[in-house]
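See below for the structure under consideration.
The values are calculated or read from the model by the stated rules, or taken from the named source; none is laboratory data. Because the structure is a prediction, the values reported are computed rather than measured. Methodologically, a virtual Cβ is constructed for each residue, glycine included, from the backbone with ideal geometry; neighbour enumeration extends over all protein chains shown. These accessible areas exclude ligands, DNA and RNA; they are computed on the full protein's heavy atoms, side chains included. Shrake-Rupley method; radii C 1.70, N 1.55, O 1.52, S 1.80 Å.
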Amino acid sequence: MAALSKIAAGNGHGENSPYFDGWKAYETNPFHPTDRPEGVIQMGLAENQLCFDFIKKWLMKHPEASLCTAEGVNKFKETALFQDYHGMPEFRQAIAKFMGKVRGDRVKFDPDRIVMSGGATGAHEMVTFCLADPGEAFLVPTPYYPGFDRDLRWRTGVELVPVICESSNNFKITRNALEAAYEKAQEDNIRVKGLLITNPSNPLGTILDRETLKSIVSFINEKNIHLIGDEIYAATVFMEPEFVSISEIIEEVECNRDLIHIVYSLSKDMGFPGFRVGIVYSYNDALVSCTRKMSSFGLVSSQTQHLIASMLSDDDFVDNFIIKSKKKLFKRHEYFTWSLSQVGIGSLKSNAGLFIWMDLRKLLKAKTFEAEMDLWQVIIHEVKLNVSPGSSFHCHEPGWFRVCFANMDDDTMETALLRIRDFMRKNNAAMIPHNKLCRRSSLKLSFSRRVDDFMSPGIMSPHSPLPQSPLVRARS
Amino acid sequence: MLLSHFCLKASYSLYENLKEIDIYQRAKEMELLSRKATCKSHGQDSSSFLGCQEYEKNAYDEVKNPEGIIQMGLAENQLSFDLLESWLAKNPDAAGFKRDGQSIFRELALFQDYHGLPTFKKALVDFMAEIRGNKVTFDPNHIVLTAGATSANETLMFCLAEQGDAFLLPTPYYPGFDRDLKWRTGVEIVPIQCTSSNRFQITKSALEEAYQQAQKKNLRVKGVLVTNPSNPLGTTMTRAELDLLINFITDKEIHLISDEIYSGTVFSSRAFVSIMEVLKDRNLENTDVWDRVHIVYSLSKDLGLPGFRVGAIYSNDPIVVAAATKMSSFGLVSSQTQYLLSAMLSDKKFTKEYISKNHKRLQNRQSKLVSGLKKAGICCLESNAGLFCWVDMRHLLSSNTFEAEMELWKRIVYDVKLNISPGSSCHCTEPGWFRVCFANMPEDTLKLAMQRLKSFVSSITINNQSDKDLKNARRRSRNKWGWFRVCLANRPDDTLKLAVQRLKSFVSSITINNLSDKDLKKARRRTRNKWVFRLSFQSFHGRQQDER
């Protein structure tokens, strides 16, 4: 009997990890403010839902961007036929300009180095296929996005070697940690081909400072290995310090540019995961050429290229969007972290991303990952929040959880906070003085007033009429 | 690869290719890239790609560049856009991210579920059934959406085979398969040799021969992949062929992938028979073989929307569906596109009209190409589908070799200024066949292309024979080879006798497969054209020496 391939039959897709048990709980009992008020609130999905009203206003004013309207239909045929893997020139120019703006125009990106891919998921796999052979490895600082286990390894046969980062220094990537990981790989006879960093970090929500970036660039240069910078959250940096991209660092330090590559996407910064816009930007000509050919396996729909080209060519819109998005993220982040601190829950100080790295170590019954899993089960089934346990991100220390805050409306956020507060009260984790409660309530009211300015009618529920899932969805 | 070097020499894009070679060479030396990155399995050195490059440099435009190269190497369907555009005009909701007047932009922008939009999958399977005359139905839960058929075919390879395994493919086949099936997967392709002697149909012996070949190379055969309707032949598979395939995969316990990307382009009354129909008719549902048959589909050809990247895998095996679904994360269909097309394909009135009109237009256009070619003295394989014809230019080759095919192709691209695809790029075993597309240009452009071709053919004659003689000779012999002009009136009688004696000794010494003279005669009589010598008497008195 012709069996499936090992790749298809194995677990390399990563969906059997406990990370996805949370999804399952959410899928079977999703929160809805009126239909299912006791359902599980989704806080495991790193989506940016805060700026759709602003984007919609732009769409209403620009019917030609939608290519199928009376104003846009004259472009329908040529767009529908356009399958050139170079991508539309106007699309690449718009993306290059957007990437530059997100970095404060401190660097310029060359549209001819922009290569499309099927989301950042497709971009990572494609870059891995081109840079490493089966059995070779990339170093990845922990904690890291669980999807990398699938994206970089599953069909490529490449390995991931963790670079251990610890809470004692706020999970900084140290030179020692890099060297240690590299040596460990050598001892295990694994050839290291590159280092993958996510900056801003998922799940930490922090950015890498200049010194760390310089140290990283010097490390990879010395070892003659590639540096892949996943900058998918670049525009979500909502507070000082300012984001520093690899593209800026290589202007400041000597390095072999053939080793430098950036992965990008519009899924987080713009909130468009459904449109599958992934980008590979490399300073290595051969890699640009090869990935371009390989991008045939995951080109961006020309209909979407057309829309994005129109939208991101509008300088006013882009400038305003970047500012507005940051403001909303800042507000949400501030309110959420403040509310958590009021009930005695701390989190890693962060200034970017769509989530916080929540510290629940003191709630663990023991300093073990089993205890972390137990606590997590409680959070899902009793508190009814889907959060992501640190172990699924390969965190070295138990007790950390990633909690997303940008994928829901304000009311749902309030409900989530209420549940957390009730849980903490029950567990006596923190005593909440009466006056502090009042202060928080007044703050809530004033926040609501500010938020009402931004809320649009009709957007009440995170539970969309269409089934929502993360990029990787657990299904039996 | 002999072919790619040859094409590099021939191509005007030499600089670009040299530059690329240099880039890859440096990368290889520095060992910076993977083996996959620096190998040639991306297939971009093949002549069909090079032809497209040449076209890009000197593209025909009726007004701006009337002497430019006409693109006939791209299998696109441009004949029915007016139908799509008028549907869009009547359906503003789909166009404007709205449902029942309400904006659903946000929901669409966030929708990244690899299971796909349920309404789109339902509309897509219904459309697939409609194309098959509703003789089969498809379950939306068994369809997996991918970024084009390119991604679908690769994903199926990843699911069904590994490095060191092989799939059998009938030749000639779509050149892109060399990249899609082999590049990143490490799977091999072993050809099932098909020949013009039986219109390139698949035979049992060819299948067995291919299977043996794979075994000899120590490759484990995991399945057969066919394209039905065929690219580049433009023909649909017969029921007998489909039965043969089912028997073969049952016997060998391997998979069958049927790439039915052109199923909606079948324009003749001889209907398209899908593999699913045959399985159903043979009551093979819910048997082992049922689970090993998979279909690949796309909207790039039938609807003419290659830019939208809409591909699909349909499998009866839920395990394959589950694995492929997870893998589709690497190339999902944009939700914006899924939504637009779900609205369009759910409109049954529209799909019925589209399918019918599209067929008529394709048939009309194909017949124009066929008659245009005929006027140029060129035949093609009788076809009933596709966006191209499989054209027989064997008689125009200077020799029965692939080098001669490349020479002819170069002349057609650079001198006649038509970009067509040489059969060798499709792994055809016989030189002289070319794929010529007809649905990717206005009718006037097709007419012009045929005129250019006719002029070109008129300018070539073999041994200065007139067109008429050429036709007669071709009609009589069917084989374009073996004609020699032998002058008789320029020698004394004795010398002529000596010449004939020498010729006779020579022929006696040649045997085909050790046949005796008698068998040789019999063989010649049977085939009519194995060795034919025509002696022509011509008067040379009035001619100069060098004309003789």
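Among the conditions (1) touching a residue at least 40 places away in the same chain (Cβ under 8 Å); (2) hydroxyl-bearing (Ser, Thr, Tyr); (3) more than 7 Å from every other protein chain (Cβ to nearest Cβ), the only one that residue A:28 does not satisfy is (1). Inside the stretch A:169-194, can you point out the residues that are within 20 Å of residue A:392 (Cα to Cα) and either open to solvent by 40 Å² or more (accessible area, probe 1.4 Å) or of a type in the set (S, T, N, Q) (or both)? Scanning the stretch A:169-194 gives A:170, A:172.
When residues of the stretch B:348-399 are filtered for being among the aliphatic types (A, V, I, L, M) and under 18 Å from the mean Cα position of the chain (by Cα), how many remain?
Start the filter on the stretch B:348-399 by keeping residues that are among the aliphatic types (A, V, I, L, M), which leaves B:355, B:362, B:369-370, B:373, B:376, B:378, B:381, B:385, B:387, B:391, B:393, B:396-397.
Retained after the next criterion (residues that are under 18 Å from the mean Cα position of the chain (by Cα)): B:362, B:369-370, B:381, B:385, B:387, B:391, B:393.
Residues flagged as among the aliphatic types (A, V, I, L, M) and under 18 Å from the mean Cα position of the chain (by Cα) within the stretch B:348-399 amount to 8.
Does residue A:148 satisfy the condition of being of a type outside the set (Asp, Glu), closer than 19 Å to residue A:216 by Cβ, more than 11 Å from chain B (Cβ to nearest Cβ) and in a helix (DSSP H, G or I)?
Numbers: of a type outside the set (Asp, Glu): yes; closer than 19 Å to residue A:216 by Cβ: yes; more than 11 Å from chain B (Cβ to nearest Cβ): yes; in a helix (DSSP H, G or I): yes.
When the stated conditions are applied, residue A:148 passes them.
If you take just the helices (runs of 4 or more DSSP H) that sit entirely in the stretch B:97-190, which of them hold at least 2 residues that are without any contact (Cβ under 8 Å) to a residue 12 or more places away in the chain? Full working, then the answer.
Details: elements: B:105-110, B:118-131, B:148-160, B:177-180.
The qualifying helices (runs of 4 or more DSSP H) are B:105-110.
Can residue B:356 be described as surrounded by fewer than 19 Cβ atoms within 10 Å (Cβ to Cβ), more than 30 Å from residue A:116 (Cα to Cα) and either in contact with a His (Cβ under 7 Å, 6 or more places away or on another chain) or modelled with pLDDT under 95 (or both)? For residue B:356, the condition - surrounded by fewer than 19 Cβ atoms within 10 Å (Cβ to Cβ), more than 30 Å from residue A:116 (Cα to Cα) and either in contact with a His (Cβ under 7 Å, 6 or more places away or on another chain) or modelled with pLDDT under 95 (or both) - is met.
With respect to residue B:377, determine if the residue is of a type in the set (Gly, Ala, Ser), within 30 Å of residue B:82 (Cα to Cα) and out of contact with any strand residue (DSSP E or B) (no Cβ under 9 Å at 6 or more places or on another chain). So that I can check it myself, show each step before the final result.
On the way: of a type in the set (Gly, Ala, Ser): yes; within 30 Å of residue B:82 (Cα to Cα): no; out of contact with any strand residue (DSSP E or B) (no Cβ under 9 Å at 6 or more places or on another chain): yes.
It is false that residue B:377 is of a type in the set (Gly, Ala, Ser), within 30 Å of residue B:82 (Cα to Cα) and out of contact with any strand residue (DSSP E or B) (no Cβ under 9 Å at 6 or more places or on another chain).
When the stretch A:183-202 is filtered for residues that are under 17 Å from residue A:152 (Cβ atoms) and not β-branched (Val, Ile, Thr), the ones remaining, listed by number, are A:185, A:191, A:193, A:194, A:195, A:196, A:199, A:201, A:202.
To keep it simple, each residue is scored yes or no on (1) in contact with a Lys or Arg (Cβ under 8 Å, 6 or more places away or on another chain); (2) open to solvent by less than 10 Å² (accessible area, probe 1.4 Å); (3) assigned by the TED database to the domain that holds residue A:413; (4) of a type outside the set (Ser, Thr, Tyr).
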| site | (1), (2), (3), (4) |
| --- | --- |
| A:28 | no, no, yes, no |
| A:32 | no, no, yes, yes |
| A:40 | yes, yes, yes, yes |
| A:58 | no, no, no, yes |
| A:70 | no, no, no, yes |
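Total residues in the stretch A:132-142 satisfying the condition of being out of contact with any Lys or Arg (no Cβ under 6 Å at 6 or more places or on another chain) and open to solvent by 10 Å² or more (accessible area, probe 1.4 Å): the figure is 3. If the condition is being open to solvent by 10 Å² or more (accessible area, probe 1.4 Å) and out of contact with any strand residue (DSSP E or B) (no Cβ under 9 Å at 6 or more places or on another chain), then the stretch A:103-131 contributes A:104, A:105, A:106, A:107, A:108, A:111, A:112. A single entry from B:399, B:371, B:367, B:424 fulfils the requirement of being part of a loop (DSSP other than H, G, I, E, B), at pLDDT 95 or above and not hydrophobic (A, V, I, L, M, F, W, C): B:399.
Residue B:245 fulfils the conditions (1) open to solvent by less than 20 Å² (accessible area, probe 1.4 Å); (2) within 12 Å of chain A (Cβ to nearest Cβ); (3) assigned to a helix (DSSP H, G or I) except for a single criterion, (2). Determine, yes or no, whether residue B:86 is within 9 Å of chain A (Cβ to nearest Cβ), over 27 Å from the mean Cα position of the chain (by Cα), among the small types (Gly, Ala, Ser) and open to solvent by 10 Å² or more (accessible area, probe 1.4 Å). Judged against the criteria, residue B:86 is not a match.
If I filter the stretch A:224-255 down to residues being in contact with a strand residue (DSSP E or B) (Cβ under 8 Å, 6 or more places away or on another chain) and among the hydroxyl-bearing types (Ser, Thr, Tyr), which single residue comes out as nearest to residue A:47 (Cα to Cα)? Even if it seems obvious, please write down each step before you answer.
Initial filter on the stretch A:224-255 (in contact with a strand residue (DSSP E or B) (Cβ under 8 Å, 6 or more places away or on another chain)): A:225-234, A:245-247, A:250.
Filter again for among the hydroxyl-bearing types (Ser, Thr, Tyr), leaving A:233, A:245, A:247.
Values: A:233: 11, A:245: 22, A:247: 25 Å.
Out of the qualifying residues, it is A:233.
Which one of B:81, B:97 is touching a Lys or Arg at 6+ places or on another chain (Cβ under 6 Å) and within 11 Å of chain A (Cβ to nearest Cβ)? Checking each option against the conditions leaves just B:81. Out of the residues in the stretch B:113-140 meeting the condition of being touching a Pro at 6+ places or on another chain (Cβ under 8 Å) and within 12 Å of chain A (Cβ to nearest Cβ), tell me which one is surrounded by the fewest Cβ atoms within 10 Å (Cβ to Cβ). Only one residue fits best here, namely B:118. For the stretch B:301-341, the set of residues classified as open to solvent by 10 Å² or more (accessible area, probe 1.4 Å), closer than 23 Å to residue B:158 by Cα and out of contact with any strand residue (DSSP E or B) (no Cβ under 8 Å at 6 or more places or on another chain) consists of B:309, B:318, B:319, B:322, B:326, listed by residue number. Among the residues of the stretch A:305-326, those that are closer than 13 Å to residue A:48 by Cβ and not small (Gly, Ala, Ser) comprise A:321, A:322, A:324, A:326.
Count, please, the residues in the stretch A:272-313 that happen to be among the basic types (Lys, Arg) and more than 7 Å from chain B (Cβ to nearest Cβ). I'd like the intermediate steps shown before the answer.
Let us first name the residues in the stretch A:272-313 that are among the basic types (Lys, Arg), namely A:276, A:292-293.
Checking the rest, the ones that are also more than 7 Å from chain B (Cβ to nearest Cβ) come to A:292.
Qualifying residue count, the stretch A:272-313: 1.
A single member of A:205, A:274, A:278, A:229 is free of Cβ contacts under 8 Å to residues at least 12 places away in the same chain and surrounded by 23 or more Cβ atoms within 10 Å (Cβ to Cβ), and it is A:274. Is at least one residue of the stretch B:55-72 within 11 Å of chain A (Cβ to nearest Cβ), in a helix (DSSP H, G or I) and not aliphatic (A, V, I, L, M)? Yes. Screening the stretch B:293-314 for residues that are of a type outside the set (Lys, Arg), farther than 17 Å from residue B:120 by Cα and more than 8 Å from chain A (Cβ to nearest Cβ) and picking the one that is nearest to the chain's Cα centre (by Cα) gives B:295. Answer yes or no: is there a residue in the stretch B:360-372 that is in contact with a Gly (Cβ under 6 Å, 6 or more places away or on another chain) and open to solvent by less than 70 Å² (accessible area, probe 1.4 Å). No, the conditions are met nowhere in the stretch B:360-372. Within the stretch B:204-220, can one find any residue that is over 18 Å from the mean Cα position of the chain (by Cα), open to solvent by less than 10 Å² (accessible area, probe 1.4 Å) and not small (Gly, Ala, Ser)? Within the stretch B:204-220, one or more residues are over 18 Å from the mean Cα position of the chain (by Cα), open to solvent by less than 10 Å² (accessible area, probe 1.4 Å) and not small (Gly, Ala, Ser).
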